[in-house]
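Just below is one structure, and these are the notes that go with it.
The values are calculated or read from the model by the stated rules, or taken from the named source; none is laboratory data. As the structure is a computational prediction, the values presented were derived from the model and not from experiment. Note that we place each Cβ from the backbone using ideal geometry, even for glycine, and neighbour counts take in every protein chain shown.
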């Protein structure tokens, strides 16, 4: 709960100071294609912990080895930016830069849950990540990978949904890609 409160406070402060101190926009440090759109993350309530939700526009660049993920407000002010390369993961916010051991540590600290950003590069292209085993769903355009059920039923419309039910709490990430 403390992590979520700290993250919510950081986002709130980011909104207040967005006009004064923005995170630098994503540069060319991340090579590769860019995927952008809107994302919403929802964590179900469990025990005494209330449900949590977060949404933002995003820009994902690079690949699982070297990349960047920028999160911004609906008006385009950058809230936070994660950058990674071998041996280095950093999160930049208007409050400063924090370093992490890996992307999993970053998502656990910031979101309170593990979210497989490395796999998003493939999931958002409508396919399983080749670095981990996957199982196709029997009667739906979806697959299971890394403990997540990835739903591609609306992929033609640019929508991808991923849900992790175990370990509890249930975490759902919904992404709507921008189509250029």
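Of all residues in the range 89-112, exactly one satisfies the criterion of being without any contact (Cβ under 8 Å) to a residue 24 or more places away in the chain and on the phi > 0 side of the Ramachandran plot, namely 96.
Is there a residue in the range 74-88 that is in a loop (DSSP other than H, G, I, E, B), at pLDDT below 95, surrounded by fewer than 18 Cβ atoms within 10 Å (Cβ to Cβ) and touching a helix residue (DSSP H, G or I) at 6+ places or on another chain (Cβ under 7 Å)? Looking through the range 74-88, none of the residues is in a loop (DSSP other than H, G, I, E, B), at pLDDT below 95, surrounded by fewer than 18 Cβ atoms within 10 Å (Cβ to Cβ) and touching a helix residue (DSSP H, G or I) at 6+ places or on another chain (Cβ under 7 Å).
Find the residue count for the range 138-163, including only residues that are touching a strand residue (DSSP E or B) at 6+ places or on another chain (Cβ under 6 Å) and free of Cβ contacts under 8 Å to residues at least 40 places away in the same chain.
As a first pass, look at the range 138-163 and keep what is touching a strand residue (DSSP E or B) at 6+ places or on another chain (Cβ under 6 Å): 142-145, 147-152, 158-163.
From what's left, free of Cβ contacts under 8 Å to residues at least 40 places away in the same chain: 142-145, 147-152, 159-163.
Of the residues in that region, 15 qualify.
Only a single criterion out of (1) surrounded by fewer than 17 Cβ atoms within 10 Å (Cβ to Cβ); (2) over 25 Å from residue 44 (Cβ atoms); (3) free of Cβ contacts under 8 Å to residues at least 40 places away in the same chain is not satisfied by residue 135, namely (2).
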